[in-house]
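The values are calculated or read from the model by the stated rules, or taken from the named source; none is laboratory data. Bear in mind that the values here come from a model prediction, so they are computed numbers and not experimental data. All Cβ positions, even for glycine, are placed from backbone atoms using ideal geometry, and neighbour counts span all protein chains on display.
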Amino acid sequence: MICEDDTKLSELLQSHMQRYGFQSVIVEDFGQVLGQFQRTAPHLVLLDVNLPQYDGFYWCRQIRSVSTCPIIFISARSGGMDQVMALEYGADDYITKPLQIEVLIAKIRSQLRRVYGEYAAQTEEKIVQKAGLTLYPERLELHSGEQSVVLTKKEAVLLEALMRQHPRVTAREELLELLWDEQTYVDENTLNVNVARARKKLLELGVPDGIETIRGAGYRLQERIGSGTPSAGGTQERSMNKPSGGDLA
């Protein structure tokens, strides 16, 4: 995904991406960068610093709150502090303009190898399949049939717990403990908010009332959700697949 307000440069970048075998989309609405990211689900983001409405640092933080997708800044701002801020906010690299396309392509390939290819951690990726849903906790993605949505970290934690317990009830106390982290105070209201958000994500997948409230006990998924077929074991582990040359940047 290319997030650059210089139309000529963004189109030039897209042309070079295509020449080197990458598919790419260009952000057009700079007030809805996160929304386009979630709809597109790219493997990598090229992000400028100086953008209309909100700067690239803001959008870097927003993207990083929902995804570990590699982010490379491309900017005319060459100051050391700009580069430090970009990295502190979650960027993976920073390239100053004017760009050398060969260097940019090399850095893109390096990031794709690191995250998805032979340099990626040789650990098995978690895939949780229950009730017609497929959850990728590390990608923060939930799938039902051909549809998918991007989750926040807390939504993914919540849904993973419910899916692993399905069809049993998951206690509120257990969910509160799972949602707790050092940066966020979690109380009953926080749990209620996250359950409501998870229900909304299920609704986006065409699943109304996907999470049932069991009064005095906790929550559970509906008995039959979605159109997918759950696996016999419920949870699968597999290696991460290396993206093809036609990946979306």
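Each row is one residue, and each column tells you yes or no for (1) under 22 Å from the mean Cα position of the chain (by Cα); (2) modelled with pLDDT under 90; (3) over 21 Å from C69 (Cβ atoms).
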| residue | (1), (2), (3) |
| --- | --- |
| S148 | yes, no, no |
| R168 | no, no, yes |
| W180 | yes, yes, yes |
| V193 | yes, no, yes |
If I ask for residues that are acidic (D, E) and in contact with a helix residue (DSSP H, G or I) (Cβ under 6 Å, 6 or more places away or on another chain), which ones from segment 130-164 would you list?
E155
I need the full set of residues from segment 78-96 which are in contact (Cβ under 8 Å) with a residue 12 or more places away in the chain and in contact with a Lys or Arg (Cβ under 9 Å, 6 or more places away or on another chain), in order please.
S78, Y89, G90, A91, D92, D93, I95, T96
If you scan segment 141-162, which residues turn out to be of a type outside the set (V, I, T), in a loop (DSSP other than H, G, I, E, B) and surrounded by fewer than 20 Cβ atoms within 10 Å (Cβ to Cβ)?
G145, E146
